[in-house]
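Data first, discussion second: the structure below is written as structure tokens.
The values are calculated or read from the model by the stated rules, or taken from the named source; none is laboratory data. None of these values were measured; they are calculated from a predicted model. A quick note on method: Cβ atoms are made from the backbone with ideal geometry, for glycine too, and the neighbour counts reach across all protein chains shown.
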Amino acid sequence: MVKSEPMLSVDEAQEMLLAAVGDPLPREFAALEDALDRVLAESIESSRDLPAWDNSAMDGYAVHAEDIVGATPERPVRLSVVGEVRAGGSPDIDLPPGCAVRIATGARVPASADAVVPVENTIAVEAGGGRLSADAPGSGSLSSTGFRANEPIQEACFVTSGVNPGAHIRRRGEDVCAGVHLLEPHRRVGPAQIAMAAAVGLGSLPVHRRPVAGVLSTGDELRSVGQDLGDSGISDANRPGLLAMCRESGALTVDLGIAADSLEALLGTLRPALERVDVVIVSGGVSVGPYDVVRAAFEALGRVELWRVAIQPGKPFAFGRSMPRNSDGRQVLLFGLPGNPVSALATFHLFVRPALDRLSGLPSPTVDADRAITEDRMCKSAGKRGFLRVTVGRDEHGSLVRDGQGRLRVRLAGRQGSHVLSAMAAADALAVVPEAIDELEPGAEVEIRWLRR
Ligand code: AMP
Ligand code: MG
């Protein structure tokens, strides 16, 4: 009998579940424009040096450092300007002693130069030999106002300060040497990793295939949004909510609609769907009432692995794996979540999300936790881990408020019944109240798990 089955703790359930999930999904290549938030499947090595050649860190002049030793504003050194290298331009200019080449930031440094003098430390010389733009307004010192676009190259410049050999040159391979590890696997790809890949010439990245999740609601009373509710129907809230949670977790989704409370209806929808999904998420019908047929359906499709978990909300919860394999040769993970919307969303957060993370290639459940002080008294049943819906205190600009120890302040987001969807919708986080505690007084510290920032 179901009643005699032991209740699993949240930790036991999560551990068993992750062991059952198995390996992450196989690797595929994602073009950089599709790579954001995907999980890298292997370490990336660079096949190039970055920078690929020595280039200038400043707008200025490429010089021989020894030509300008001891230069000062009072005793500037005159160099003949023999040419210019622009970013993207050829550096194929020879630099005889006593000469300089005008150079732009990022331009390749001519092989015969060994330093760059910033334009700020130079004074251009006009054709007749006089100084141009000697003083920056108000500075009172000799300094150039910099290069202007389309300004002709001057025939010479005065350098007002010496530089060490190598100054203001970004060396080949200084950022990345060919062969080094650039990006580590098991992490989500963000904008900086996409920029890094592009910088070394990679147009795509090896990532894990995204999980495909089918979401089904069960209940004779359920109607899709927009359908007539009659005198006893209710809108199906779970399916849009769970589909969104899947997408938020990086999964692709298949909307399996609504099934009536019968084994035939459930199997009629689930059986054909197994082929094309990695995960099935059913909400409702997982309890022990006469019309709760989800467990029986899972048993017909495969094996049910867990049943009752000591959490509040969300105690009736089922997990199994299908015998028929999907088109990728994998057993489909079967999740039966409670019908009450708060319980459905909370159990997704606790059990489905870690499984999707694991399939996606992330190493362990990614928990976005924080510490807070509760301003309200928090009650829940003894022996279960409570996940209470809370709002997090903010100032008048909406910024989070933390105390000297970095702790947030939380309040109950509303009534805590598992049917009270308005409290879930108002909540920023779930406050975690341990099994051994049935009541937290105002002022007590509590761990929270962020739902949205
Ligand atoms: P059940 O788990 O099927 O016993 O359902 C528990 C409660 O959740 C009942 O009040 C159902 O009407 C409600 N419920 C079940 N599925 C949904 C759903 N998809 N959307 C909104 N409420 C639901
Ligand atoms: Mg039901």
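Look at the range 1-53 and say how many of its residues are surrounded by 18 or more Cβ atoms within 10 Å (Cβ to Cβ) and of a type in the set (Lys, Arg).
Residues in the range 1-53 being surrounded by 18 or more Cβ atoms within 10 Å (Cβ to Cβ) and of a type in the set (Lys, Arg): 1 in total.
Inside the range 251-293, can you point out the residues that are more than 15 Å from ligand 2 (Cβ to nearest atom), in contact with a Leu (Cβ under 7 Å, 6 or more places away or on another chain) and part of a loop (DSSP other than H, G, I, E, B)?
Ala251, Asp278
List every residue pair whose Cβ atoms sit under 6 Å apart, with the two residues 6 or more apart in sequence or on different chains, where the first one lies in the range 165-178 and is surrounded by 13 or more Cβ atoms within 10 Å (Cβ to Cβ) and the second, anywhere, is among the charged types (D, E, K, R).
Ile169/Asp54; Arg171/Asp54; Arg172/Asp49; Arg172/Asp54; Gly173/Asp49; Ala178/Arg48; Ala178/Asp49
For the range 251-272, which positions are buried (at least 20 other Cβ atoms within 10 Å of the Cβ) and among the small types (Gly, Ala, Ser)?
Ala251, Ala259, listed by residue number.
Step by step: first the residues of the range 186-224, then only those that are among the hydroxyl-bearing types (Ser, Thr, Tyr) and surrounded by 19 or more Cβ atoms within 10 Å (Cβ to Cβ), then the one that is nearest to ligand 2 (Cβ to nearest atom). Which residue is that?
Filtering the range 186-224 for residues that are among the hydroxyl-bearing types (Ser, Thr, Tyr) and surrounded by 19 or more Cβ atoms within 10 Å (Cβ to Cβ), the one nearest to ligand 2 (Cβ to nearest atom) comes out as Thr218.
Any idea how many residues of the range 90-100 are within 49 Å of the chain's Cα centre (by Cα) and either at pLDDT below 90 or surrounded by 18 or more Cβ atoms within 10 Å (Cβ to Cβ) (or both)?
So the count comes out to 6.
Say we look at the range 225-250 and pick out the residues that are among the charged types (D, E, K, R) and in a loop (DSSP other than H, G, I, E, B); which of these is surrounded by the most Cβ atoms within 10 Å (Cβ to Cβ)?
Asp236
Run Leu333 past the list (1) at pLDDT below 95; (2) away from ligand 1 (no atom under 16 Å from the Cβ); (3) buried (at least 23 other Cβ atoms within 10 Å of the Cβ) and report the number of the one that doesn't hold.
With (1) at pLDDT below 95; (2) away from ligand 1 (no atom under 16 Å from the Cβ); (3) buried (at least 23 other Cβ atoms within 10 Å of the Cβ) applied to Leu333, the lone miss is (1).
What are the pairs, 6+ residues apart or on separate chains, where a residue within the range 255-270 that is closer than 14 Å to Gly214 by Cα has its Cβ under 6 Å from a residue that is aromatic (Phe, Trp, Tyr) and more than 11 Å from ligand 2 (Cβ to nearest atom)?
So the pair list comes out empty.
Condition first: free of Cβ contacts under 8 Å to residues at least 24 places away in the same chain and near ligand 1 (Cβ under 10 Å from one of its atoms). Now tell me which residues in the range 202-231 satisfy that.
Within the range 202-231, just Glu221 meets the criteria.
Yes or no: Ser56 closer than 30 Å to Glu155 by Cα and crowded, with 20+ Cβ neighbours inside 10 Å?
For Ser56, the condition - closer than 30 Å to Glu155 by Cα and crowded, with 20+ Cβ neighbours inside 10 Å - is met.
Out of everything in the range 420-453 that is acidic (Asp, Glu) and part of a strand (DSSP E or B), what residue ends up being nearest to the chain's Cα centre (by Cα)?
So, considering only residues that are acidic (Asp, Glu) and part of a strand (DSSP E or B), the one nearest to the chain's Cα centre (by Cα) is Glu447.
Just the residues that are part of a loop (DSSP other than H, G, I, E, B) and without any contact (Cβ under 8 Å) to a residue 24 or more places away in the chain, please, taken from the range 65-86.
Hits for the range 65-86 are Glu74, Arg75, Arg86.
Report yes if some residue within the range 236-247 is in contact (Cβ under 8 Å) with a residue 40 or more places away in the chain, more than 16 Å from ligand 1 (Cβ to nearest atom), in contact with a strand residue (DSSP E or B) (Cβ under 6 Å, 6 or more places away or on another chain) and not aromatic (Phe, Trp, Tyr); otherwise report no.
No - not one qualifying residue is present in the range 236-247.
Could you please let me know if Arg321 is basic (Lys, Arg) and more than 16 Å from Leu356 (Cβ to Cβ)?
Considered against the rule, which asks whether it is basic (Lys, Arg) and more than 16 Å from Leu356 (Cβ to Cβ), Arg321 comes out as no.
For the range 152-176, enumerate the residues that are farther than 17 Å from Pro76 by Cβ, among the aliphatic types (A, V, I, L, M) and not in a loop (DSSP other than H, G, I, E, B).
Once the filter is applied, which keeps residues that are farther than 17 Å from Pro76 by Cβ, among the aliphatic types (A, V, I, L, M) and not in a loop (DSSP other than H, G, I, E, B), the range 152-176 yields Ile169, Val176.
Quick one: would you say Pro272 is touching a helix residue (DSSP H, G or I) at 6+ places or on another chain (Cβ under 8 Å), away from ligand 1 (no atom under 16 Å from the Cβ) and of a type outside the set (Asp, Glu)?
Judged against the criteria, Pro272 is not a match.
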